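Comments concern the structure below.
Every number in this text was worked out from the coordinates using simple rules, so none of it is lab data. Remember, it's a predicted structure, so these values are computed and weren't measured experimentally. Glycine also receives a Cβ, built like all others from the backbone with ideal geometry; neighbour counts cover every protein chain displayed.
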Amino acid sequence: MIDMIEKEDPVISEEEAAQYDRQIRLWGLDAQKRLRGSRVLLAGLGGLGAEVAKNLILAGVKGLTLLDHEQVTEESCRAQFLVPVTAQGQNRAQASLERGQNLNPMVKVHADQDRVEDKPDDFFLQFDAVCLTGCSRDLMVRIDQLCSKHNIKVFCGDVYGYYGYMFCNLGKEHSYVEEKPKMVKPTGNSSDGPEAKKAKIDPNETTMVKKMASFCTLKEALEVDWTTEKAKAGMKRTPVDYFMLHVLLTFRTDKGRDPDPLAFPEDSRLLRKIREDVLETLAVSADLLNDDFISYCFSEMSPVCAVVGGVLGQEVVKALSQRDAPHRNFFFFDGRKGNGVVDYFGPN
Amino acid sequence: MFLSNCCGAGRGFSSIDLDTIDVSNLNRQFLFQKKHVGKSKAQVAKESALQFCPTVNITAYHDSIMNPEYNVEFFRKFMLVMNALDNRAARNHVNRMCLAADIPLIESGSAGYLGQVTVIKKGLTECYECQPKPTQKTFPGCTIRNTPSEPIHCIVWAKYLFNQLFGEEDADQEVSPDTADPEAAWNPEDTATRATASDKDGDIKRVSTKEWARSTGYDPAKLFNKLFKDDIMYLLTMDKLWKTRKAPTPLDWQQLENSARPQEVSAGSGLKDQQVLGVWGLCQLFQRSVETLRSQLQEKGEGAELVWDKDDPPALDFVTAAANLRMHIFSMNMKSPFDVKSMAGNIIPAIATTNAVIAGLIVLEGLKVLSGELESCRTIFLNKCPNLRKKLLIPCVLDPPSASCYVCASQPEVTVKLNVHKTTVLSLQDRILKERFGMVAPDVQIEDGKGTILISSEEGETETNNSKSLADFGIRNGSRLQVDDFLQDYALLVNVLHTEELERDVEFEVVGEAPDKAPPPQSTQEEVKSITNGNKDSAQPSTSFKAPAEDDDIMIVDSGEEEEEEEGASSSTAATSSGSKRKHSDAETGETSTKRLRTDQSSAAAATNDDDNDDDDIIALD
């Protein structure tokens, strides 16, 4: 779908050129055109969803659909800046629409109040990329499977207190370009002297190099077998955030919601229990992940949403514009330490 | 951006910005919309932020933070200061104000895909000026005037030309052939002969470029032939320059007009501005822009001067035309108007996502500061690609203050090498104390037993001293100057070393600093690093000191050191010794600039990370 873009509307208007100037100077006009032809689905308009929405709208995608069945609560207003404080009780996607659209009138922003799980398969096929936040593990796995069959780029992400992650599946053969400095061959005649004869890196000229990357499904990424020798050997370098994610996704499935500060004591107890179970099920050491994270994984912290939303937003931009190496395939952020790591989980 | 993050945290604060909103800001500065273009950033940001959080207390100042009104007392009102500045002078200034008021400061910068955040606390951490930052790159006069070899040299030349013709004439921005170029002389005596010869000819040295232009009525064809034909032909007579270089080829207006073909409009899919113009097209652009600028001057009246602005179409057109014609003359590939604008305007590309990440990090550090958890504060670098330890965001332990810092040490002191006979008092004030040492309003006393006041920050008091040399006041080798900036609450002792042997075009040298080297040809990261530390002007080498601050979103992109592994989880991810990765060892060599080099071999070798041998502390950006 993305390849058809250039035939659609090759001309960038003056208005677009002026507004997008500072990003065109970074990622180039071709990338901007591809963005301009891309349609994205964003599920979940919590704190993280709002950040991603903002980033994609500012980047200048063709269209962004905000999909959320939830209602605005008092808490939503705190971590989410697209929803007015007066919008409590309204649908979150609908409430985010006005401010979202105002960020960039050149993007078509829609609000959809349905549940993600109720959408028929072909609903997703109209998009070039799908970004899921606040979804259950099973739902994410199902949609990831469906989308990757149709070459639709899939992104997942969540923020839990100080922690956050992003996952992406860009398909088995995601092609992209990287800009590299050009080597200039000497042209000179013998009369030009020795200086002119040297080949140099011309700091002003670059060339585009074509590359390819391959991604596994979310299911494969989450179902890594930790009992193999190889997995055990790699354990030292494995971010524990991955296991934390398992715990939090399990909690979400069990309770139908994320840890709630208003239910801190019971939810903490449950998290502790889930932690033990998860580590046991995955057959990894119980020492791997201690309980410290539990106090810090409640509620969406807005600065953490900004960080994760920034990284996730940029990954969507990269994938749609097919420019620059994608992060493969998880990004984990620990807001207490200021640590952000990229790591691959899946079959080799 | 962090204004909106902070609102969630529910505190009151003030924001200061002298700038107004431009359409090019809208791709990332999401507190502003199209309807706000032209309005005050501080004011509109406040209004938008209040929408998210109506209960928070925000005061907006449409002003420069360097205004003396914002004195130490003003700063003391705050628990925390956060910078989102775009030039080094302002950062140095705020650094000093926060030291003086003893308020924690969160510093940050971003450019393109990169960025960083750090925390500065007096007595606990390095201040912003503890580590010398690379000064912005400048090119030698003879490269600009005689032997340009890269498009940027031609662009710098064109901007100088603009000032010489339409703006404030500056003796350091000469555009005519440099007859005193040492490279041109077959024998050393030649240089002097040439210099006097051209004086006799009178055309180059005696009449200022502006006067000459005025005498021709700013006739474009005459200007053209002088700059692109006569002056080039003069350069050709300096034959030694062209022994190993490709010689320039002069252009003639009449000839070009006669052989002009209609400009081919390429059917390319780029922006109109991204097309490189043909030579006659450039001539026409030169003519049109000269005529427009000429009228602008006339309209402004007697003694008027224009200031170059990349957003003023005729000013940009002029530089585009003049620079490209010069590139053509010197056989370089020409640049499109789009590219010229980037280079001449020091435009730093910027996007919403990078700034969102940095803003989030700023707030997270801020929360640590406000909770009294200073020891958990970090410097955090954002990279384009993960490093060998898979890190995209790299937290580093903060360094303690440098004992020899000329700003935050208890008795700051520096030594400056200069020629006491040639350096004027004005030069000392403007070039050395203000520009180099970041003072805003210096007062200078000579330690001569008489307390002679050399410079007073009060206007008019010491103006008569300005044109005198330092020697005129008895300053000589070993003299000491007591310098105070009362606004910054900053006292600096300057030791003077007299020398007659400074490099060409160099007026003074600060002792103890590595001489300014061109960065090694490398990945984008090195380039960005040389943009480092928020000098808007240094996206490219200085093309004008008077250009108003351009693009926002600065970049301290000091994507430097590795951090401690404080995983906090368990023994299986063992912590490593953090000290090994810090660059303290470099301090001995005095090569402070290398502290910021990623590829620091000694540090890599010292890294005793229990993990891998492949850990080179090299961050591959590409």
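How do B:344-351, B:386-393 rank on mean C-beta neighbours within 10 Å, highest first?
B:344-351, B:386-393
With the Cα gyration tensor of the stretch B:1-160 in hand, convert its eigenvalues to equivalent ellipsoid semi-axes via √(5λ) and list them largest first in whole Å.
33, 23, 14
Give me the base-10 log of I(q)/I(0) for the stretch B:407-446 at each q in 0.14, 0.26, 0.33 Å⁻¹, Debye formula, one uniform scatterer per Cα, rounded to two decimals.
The Cα Debye sum returns log10 ratios of -0.34, -1.07, -1.29.
If I take R0 = 35 Å and measure r between the Cβ atoms of B:SER269 and A:GLN90 in this structure, what FRET efficiency does the formula 1/(1 + (r/R0)^6) give, to the nearest 0.05?
The formula returns an efficiency of 0.25 here.
Under the rule a/c < 1.5 gives rounded, and otherwise a/b versus b/c splits prolate from oblate, where does the stretch A:266-348 land using the Cα gyration tensor? Could you put the intermediate results ahead of the total?
Details: a/c = 2.86, a/b = 1.56, b/c = 1.83.
Oblate is the answer for the stretch A:266-348, as a/c is 1.5 or above yet b/c matches or exceeds a/b.
With n ≥ 4 as the cut-off for DSSP H runs, can you work out [θ] at 222 nm for chain A, using -39500 (n - 2.57) per run divided by the number of residues, rounded to the nearest 500?
Result for chain A: -12000 deg cm²/dmol, rounded to the nearest 500.
Starting from the alpha-carbon convex hull of the stretch B:53-125, give the projected area averaged over all orientations, in nm².
Directional mean of the projected Cα hull area for the stretch B:53-125 stands at 6.3 nm².
Summarise the partner chain shielding of B:391-398 as one whole number: the mean count of Cβ atoms from other chains within 10 Å of each residue's Cβ.
On the way: counts 5, 9, 13, 4, 5, 1, 0, 0.
What the average comes to for B:391-398 is 5.
Net charge near B:ASP485, counting Lys/Arg +1 and Asp/Glu -1 over other residues with Cβ under 10 Å of its Cβ? If you can, show how the numbers build up before the last one.
Numbers: positive: B:ARG96, B:LYS434; negative: B:ASP443, B:ASP484, B:ASP489.
Net local charge, B:ASP485 excluded: -1.
Give the relative contact order (percent, whole number) for chain A; include only Cα pairs under 8 Å separated by 6+ residues.
On the way: 632 pairs, mean separation 67.9, N = 348.
Relative contact order for chain A comes out at 20 percent.
Along the charge dipole of chain A, Cβ charges K/R +1 and D/E -1, which of A:THR73, A:GLN94, A:VAL209 sits furthest on the positive end?
Most positive-ward Cα: A:VAL209.
Taking R0 as 51 Å, what FRET efficiency do you get between A:LYS273 and B:SER64 from their Cβ-Cβ distance, rounded to the nearest 0.05?
Calculated value: 0.35.
What net charge is computed for the residues neighbouring B:ASN95, neighbours being all others with C-beta under 9 Å from the C-beta of B:ASN95, Lys and Arg scored +1, Asp and Glu -1?
My count for the surroundings of B:ASN95 gives 0.
Which of the pairs A:LYS337/B:LYS121; B:LYS341/B:LYS390; A:LYS318/B:LYS137; A:LYS108/A:LYS149 have their Cα atoms more than 29 Å apart in this structure? Walk me through the intermediate numbers first.
Numbers: A:LYS337/B:LYS121 19 Å; B:LYS341/B:LYS390 37 Å; A:LYS318/B:LYS137 32 Å; A:LYS108/A:LYS149 26 Å.
In this structure, B:LYS341/B:LYS390; A:LYS318/B:LYS137 lie more than 29 Å apart at Cα.
Would you work out if the stretch B:149-331 is rounded, prolate or oblate? Take a ≥ b ≥ c from the square roots of the eigenvalues of the alpha-carbon gyration tensor; rounded if a/c is under 1.5, else prolate when a/b is larger than b/c, oblate otherwise.
Oblate is the answer for the stretch B:149-331, as a/c is 1.5 or above yet b/c matches or exceeds a/b.
Across peptide B:361-369, how many C-beta atoms of other chains are within 10 Å of each residue C-beta, on average? Intermediate values should be presented prior to the final figure.
On the way: counts 9, 2, 7, 10, 2, 1, 4, 2, 0.
The shielding value for this peptide is 4.
P(r) for the stretch A:1-103: what percent of alpha-carbon pairs falls in each 5 Å bin, starting at zero?
2, 13, 22, 19, 14, 12, 9, 7, 2, 0
Could you give the C-alpha radius of gyration of chain A expressed as a fraction of 2.2 N^0.38 Å, taking N as the number of residues it contains?
Normalised Rg, Cα atoms only: 1.10.
Rank-order B:487-497, B:111-121 by packing density, defined as the average count of other C-beta atoms within 10 Å over each peptide's residues, highest first.
B:111-121, B:487-497
Order these by the 10 Å Cβ neighbour count, fewest first: A:ASP114, B:ASP339.
With the fewest neighbours first, A:ASP114, B:ASP339 line up as A:ASP114, B:ASP339.
Can you sort A:GLU266, A:GLU74 from fewest to most other Cβ atoms within 10 Å of each residue's own Cβ?
Exposure proxy ranking, most exposed first: A:GLU74, A:GLU266.
Could you work out, residue by residue across B:217-230, how many beta carbons of other chains sit within 10 Å of that residue's beta carbon, and then give the average as an integer?
Counting other chains' Cβ atoms within 10 Å and averaging over B:217-230 gives 0.
Rounded to the nearest 20 debye, what is the charge dipole size of the stretch A:220-295 about its Cα centre when +1 sits on each Lys and Arg Cβ and -1 on each Asp and Glu Cβ?
Computed charge dipole of the stretch A:220-295: roughly 120 debye.
Kindly put B:ASP63, B:ASP181 in sequence by how many other C-beta atoms sit within 10 Å of each C-beta, fewest to most.
With the sparsest Cβ surroundings first, the list reads B:ASP63, B:ASP181.
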